[in-house]
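The values are calculated or read from the model by the stated rules, or taken from the named source; none is laboratory data. On a predicted model such as this, the values are computed, not experimentally measured, just so you know. We place every Cβ from the backbone using ideal geometry, glycine too, and count neighbours over all the protein chains shown.
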Amino acid sequence: MHTVSLVNLASSAAIYLAALALTLLIAAYCTPRHWWRRLNLRALAVTLGGTLLLGHLLAGWTGLTPALAARAESVAGAAAGAGAGAGDGANARADRTGALQAFSVHRDLNLRLAASVDAPRMLTVPAGALVTPTGMRHGDWWQISACVHGQCSTGWASSLWLRRSGE
(Lines give C-alpha, C1' and ligand atoms only; values in the text may rest on other atoms or scores of the structure.)
Protein backbone atom coordinates (compact mmCIF):
# COMPACT_ATOMS: atom_id res chain seq x y z
CA MET A 1 0.00 0.00 0.00
CA HIS A 2 1.33 3.44 -0.87
CA THR A 3 2.10 6.12 1.70
CA VAL A 4 -0.44 8.45 0.05
CA SER A 5 -3.25 5.93 0.49
CA LEU A 6 -2.30 5.45 4.16
CA VAL A 7 -2.43 9.21 4.68
CA ASN A 8 -5.82 9.40 2.94
CA LEU A 9 -7.10 6.48 5.01
CA ALA A 10 -5.87 8.04 8.26
CA SER A 11 -7.33 11.43 7.34
CA SER A 12 -10.69 9.91 6.41
CA ALA A 13 -10.76 7.89 9.64
CA ALA A 14 -9.99 10.99 11.71
CA ILE A 15 -12.69 12.98 9.93
CA TYR A 16 -15.35 10.30 10.48
CA LEU A 17 -14.34 9.79 14.12
CA ALA A 18 -14.76 13.53 14.66
CA ALA A 19 -18.13 13.31 12.87
CA LEU A 20 -19.21 10.47 15.17
CA ALA A 21 -18.24 12.49 18.24
CA LEU A 22 -20.14 15.53 16.94
CA THR A 23 -23.17 13.38 16.11
CA LEU A 24 -23.27 11.91 19.60
CA LEU A 25 -22.85 15.35 21.16
CA ILE A 26 -25.61 16.90 19.04
CA ALA A 27 -27.88 13.87 19.55
CA ALA A 28 -27.44 14.11 23.32
CA TYR A 29 -28.75 17.68 23.31
CA CYS A 30 -31.32 17.56 20.50
CA THR A 31 -33.17 14.26 20.95
CA PRO A 32 -35.31 12.92 23.78
CA ARG A 33 -33.31 11.08 26.43
CA HIS A 34 -35.55 7.99 26.27
CA TRP A 35 -34.40 7.35 22.67
CA TRP A 36 -30.99 6.37 24.01
CA ARG A 37 -31.93 4.11 26.93
CA ARG A 38 -31.46 1.00 24.83
CA LEU A 39 -30.20 0.38 21.35
CA ASN A 40 -32.93 0.48 18.74
CA LEU A 41 -33.24 1.13 15.02
CA ARG A 42 -34.04 4.83 15.48
CA ALA A 43 -30.92 5.45 17.60
CA LEU A 44 -28.80 3.52 15.12
CA ALA A 45 -30.23 5.51 12.19
CA VAL A 46 -29.60 8.84 13.94
CA THR A 47 -26.05 7.81 14.79
CA LEU A 48 -25.14 6.42 11.38
CA GLY A 49 -26.97 9.10 9.41
CA GLY A 50 -25.51 11.92 11.48
CA THR A 51 -22.01 10.47 11.26
CA LEU A 52 -22.20 10.06 7.49
CA LEU A 53 -23.71 13.50 6.96
CA LEU A 54 -21.32 15.33 9.29
CA GLY A 55 -18.39 13.25 8.02
CA HIS A 56 -19.15 14.20 4.45
CA LEU A 57 -19.58 17.86 5.40
CA LEU A 58 -16.31 17.87 7.37
CA ALA A 59 -14.49 16.11 4.55
CA GLY A 60 -15.78 18.66 2.05
CA TRP A 61 -14.88 21.52 4.36
CA THR A 62 -11.34 20.22 4.85
CA GLY A 63 -11.02 19.50 1.13
CA LEU A 64 -10.52 15.76 1.56
CA THR A 65 -13.55 13.85 0.42
CA PRO A 66 -12.85 10.12 0.56
CA ALA A 67 -14.23 9.52 -2.95
CA LEU A 68 -12.21 12.35 -4.46
CA ALA A 69 -9.09 11.33 -2.57
CA ALA A 70 -9.37 7.78 -3.88
CA ARG A 71 -10.13 9.01 -7.39
CA ALA A 72 -7.24 11.48 -7.35
CA GLU A 73 -4.87 8.76 -6.21
CA SER A 74 -6.03 6.23 -8.81
CA VAL A 75 -5.86 8.84 -11.55
CA ALA A 76 -2.50 10.20 -10.44
CA GLY A 77 -0.55 7.13 -11.38
CA ALA A 78 3.14 7.93 -11.40
CA ALA A 79 2.74 11.72 -11.43
CA ALA A 80 4.89 13.56 -8.94
CA GLY A 81 3.56 16.44 -6.86
CA ALA A 82 1.38 18.86 -8.72
CA GLY A 83 2.84 22.10 -9.95
CA ALA A 84 1.37 25.50 -9.31
CA GLY A 85 -0.39 27.05 -12.24
CA ALA A 86 -2.39 30.07 -13.20
CA GLY A 87 -6.09 30.10 -12.78
CA ASP A 88 -8.44 30.41 -9.88
CA GLY A 89 -5.61 31.45 -7.54
CA ALA A 90 -6.87 31.52 -3.96
CA ASN A 91 -9.57 28.89 -4.44
CA ALA A 92 -7.50 26.42 -6.43
CA ARG A 93 -5.51 23.73 -4.73
CA ALA A 94 -2.68 21.71 -6.20
CA ASP A 95 -3.50 18.02 -5.77
CA ARG A 96 -2.39 14.87 -7.50
CA THR A 97 -4.92 14.70 -10.33
CA GLY A 98 -2.97 12.90 -12.98
CA ALA A 99 -0.85 15.78 -14.22
CA LEU A 100 0.80 14.94 -17.57
CA GLN A 101 -1.56 11.99 -18.17
CA ALA A 102 -3.86 12.38 -21.16
CA PHE A 103 -7.62 12.13 -20.75
CA SER A 104 -10.27 11.87 -23.41
CA VAL A 105 -13.35 14.05 -23.40
CA HIS A 106 -16.53 11.99 -22.85
CA ARG A 107 -18.95 14.57 -24.33
CA ASP A 108 -18.47 18.07 -25.68
CA LEU A 109 -16.72 19.93 -22.88
CA ASN A 110 -16.84 23.63 -22.04
CA LEU A 111 -13.42 25.03 -21.17
CA ARG A 112 -13.95 27.93 -18.77
CA LEU A 113 -11.90 30.80 -17.35
CA ALA A 114 -12.58 29.74 -13.74
CA ALA A 115 -13.80 26.68 -11.86
CA SER A 116 -17.51 27.47 -12.08
CA VAL A 117 -20.45 26.98 -14.42
CA ASP A 118 -20.97 30.73 -14.15
CA ALA A 119 -17.47 31.49 -15.49
CA PRO A 120 -17.19 32.61 -19.12
CA ARG A 121 -16.69 29.80 -21.63
CA MET A 122 -13.41 30.02 -23.53
CA LEU A 123 -14.07 27.26 -26.05
CA THR A 124 -15.82 23.93 -26.49
CA VAL A 125 -13.63 20.83 -26.64
CA PRO A 126 -15.29 18.19 -28.85
CA ALA A 127 -16.01 14.67 -27.59
CA GLY A 128 -13.10 12.31 -28.14
CA ALA A 129 -10.43 15.01 -27.97
CA LEU A 130 -7.43 14.46 -25.70
CA VAL A 131 -6.72 16.93 -22.89
CA THR A 132 -4.00 17.11 -20.24
CA PRO A 133 -4.58 18.20 -16.61
CA THR A 134 -2.13 20.79 -15.26
CA GLY A 135 -2.45 19.45 -11.72
CA MET A 136 -4.63 22.24 -10.30
CA ARG A 137 -7.96 21.14 -8.88
CA HIS A 138 -10.93 22.78 -7.19
CA GLY A 139 -13.46 20.14 -6.20
CA ASP A 140 -14.61 18.34 -9.37
CA TRP A 141 -13.10 21.10 -11.50
CA TRP A 142 -9.68 20.49 -13.05
CA GLN A 143 -7.48 22.93 -14.86
CA ILE A 144 -6.65 21.35 -18.22
CA SER A 145 -4.76 22.12 -21.40
CA ALA A 146 -6.57 21.42 -24.66
CA CYS A 147 -5.86 22.02 -28.33
CA VAL A 148 -8.87 22.50 -30.60
CA HIS A 149 -8.47 23.29 -34.31
CA GLY A 150 -4.86 24.37 -33.73
CA GLN A 151 -5.79 26.68 -30.83
CA CYS A 152 -4.24 25.54 -27.53
CA SER A 153 -5.77 26.87 -24.33
CA THR A 154 -5.59 26.23 -20.61
CA GLY A 155 -8.78 26.56 -18.60
CA TRP A 156 -11.11 24.87 -16.15
CA ALA A 157 -13.41 21.94 -16.90
CA SER A 158 -15.54 19.50 -14.94
CA SER A 159 -13.60 16.26 -14.41
CA LEU A 160 -16.89 14.36 -14.63
CA TRP A 161 -16.70 14.64 -18.43
CA LEU A 162 -13.17 13.20 -18.66
CA ARG A 163 -12.12 9.57 -19.07
CA ARG A 164 -8.65 8.09 -18.86
CA SER A 165 -7.21 7.47 -22.29
CA GLY A 166 -8.13 3.99 -23.42
CA GLU A 167 -11.29 3.79 -21.27
Of all residues making up the range 17-42, the number that are part of a helix (DSSP H, G or I), out of contact with any Phe, Trp or Tyr (no Cβ under 9 Å at 6 or more places or on another chain) and without any contact (Cβ under 8 Å) to a residue 40 or more places away in the chain: 16
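Which one of these is assigned to a strand (DSSP E or B), surrounded by 16 or more Cβ atoms within 10 Å (Cβ to Cβ) and over 14 Å from the mean Cα position of the chain (by Cα): W156, W142?
Working: W142 fails: over 14 Å from the mean Cα position of the chain (by Cα).
After ruling out the rest, the residue left standing is W156.
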Is the range 113-131 home to any residue that is more than 30 Å from L20 (Cβ to Cβ), touching a helix residue (DSSP H, G or I) at 6+ places or on another chain (Cβ under 6 Å) and at pLDDT 85 or above? no
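For the range 118-139, what are the residues that are closer than 26 Å to A59 by Cα, assigned to a loop (DSSP other than H, G, I, E, B) and in contact (Cβ under 8 Å) with a residue 12 or more places away in the chain?
A119, G139
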Mind checking which residues of the range 5-28 are over 15 Å from H56 (Cα atoms) and modelled with pLDDT of 85 or more? L24, L25, I26
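Going through the range 106-127 one residue at a time, which ones are crowded, with 17+ Cβ neighbours inside 10 Å, of a type in the set (A, V, I, L, M, F, W, C) and closer than 18 Å to G139 by Cα?
Narrowing the range 106-127 to residues crowded, with 17+ Cβ neighbours inside 10 Å: 109-112, 114-115, 122, 125.
Keeping just the survivors that are of a type in the set (A, V, I, L, M, F, W, C) gives 109, 111, 114-115, 122, 125.
Matches in the range 106-127: L109, L111, A114, A115.
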Of the conditions (1) in contact with a helix residue (DSSP H, G or I) (Cβ under 6 Å, 6 or more places away or on another chain); (2) at pLDDT below 85, R164 fails just one. Which one is it? (1)
